[in-house]
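For reference, the structure discussed in these notes is given below.
The values are calculated or read from the model by the stated rules, or taken from the named source; none is laboratory data. From a predicted model like this one, the values you see are computed outputs, not experimental measurements. Counting neighbours? That spans all protein chains shown, and the Cβs are built from the backbone with ideal geometry, glycine included.
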Amino acid sequence: MAIAVLACFTVWITWRAKALELGLHSIDQTVALKGKPAPEFSLPSLDDRQVSLADFHGKKKVVVTFWASWCGPCRMEMPVLRTFYEKTHKPDSDYEILAVSIDDDRADAEKFANEAKMPFPVLLDLAQKTARGYAVDSIPRLFVIDKDGKVVDGHVGFDPALSFSLAEQLGIKNYSPFPGAPNAGTSH
């Protein structure tokens, strides 16, 4: 019985991984939501707050990234986002990053978030309702939302130049991801 369960699980996980991989390759890199209002959401965070997209309307631009602890490209993206955030985000910044975990279990998301030392809010979408609202079928999936709540950009997959494109989208000038390099003239 245990062997049958293990075999079924192996087939399912292989199918799911392949479906996500194929989805990543078949999706046009432009976002269907671009130029449209971002779907609203209110999700619990790992620090037990309720965070809503509406909290930022008229105040801040929002970078929403959908990820999971088991996703290899997500594990590559998070350190890039962490470094970008640590170098550019100040208490009066006009942007926020929200990392939305689509893990099935809070413990998995929490463990990876702690390991990755994520300095930005980590939200839990355990039922993947928000992910469905954003038509997320491959991860990592990132959206940039302006202060008016419109999706201005987005992409699927890990982008090695992510920090540079985010700096451009968020209006941060003279950004450098390299240690010790100043971010003189930042505008955020």
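Here are some notes:
- Evaluation of Asp94 against the conditions (1) within 21 Å of Gly157 (Cβ to Cβ); (2) in contact with a Lys or Arg (Cβ under 6 Å, 6 or more places away or on another chain); (3) not aliphatic (A, V, I, L, M) shows that the sole unmet condition is (1).
- Flag for Asp153 being touching a strand residue (DSSP E or B) at 6+ places or on another chain (Cβ under 8 Å), modelled with pLDDT under 95, crowded, with 16+ Cβ neighbours inside 10 Å and closer than 22 Å to Ser52 by Cβ: yes
- Picking from residues in region 86-143 that are in a loop (DSSP other than H, G, I, E, B) and within 18 Å of Gln169 (Cβ to Cβ), the one that is nearest to the chain's Cα centre (by Cα) is Pro140.
- Hits in region 33-63 (condition: within 16 Å of Leu142 (Cβ to Cβ) and in a strand (DSSP E or B)): Lys61, Val62, Val63
- Here Ile145 fulfils each of the conditions (1) hydrophobic (A, V, I, L, M, F, W, C); (2) within 18 Å of Ser42 (Cα to Cα); (3) surrounded by fewer than 15 Cβ atoms within 10 Å (Cβ to Cβ); (4) modelled with pLDDT of 95 or more apart from (3).
- Pair list, Cβ under 8 Å, 6 or more apart: region 47-65 residue touching a residue at least 12 places away in the same chain (Cβ under 8 Å) and under 15 Å from Val100 (Cβ atoms), other residue assigned to a strand (DSSP E or B) and of a type in the set (Lys, Arg): Thr65/Arg141
- Selection from region 102-118 of residues that are surrounded by 14 or more Cβ atoms within 10 Å (Cβ to Cβ) and closer than 19 Å to Glu86 by Cβ: Phe112, Ala113, Ala116, Met118
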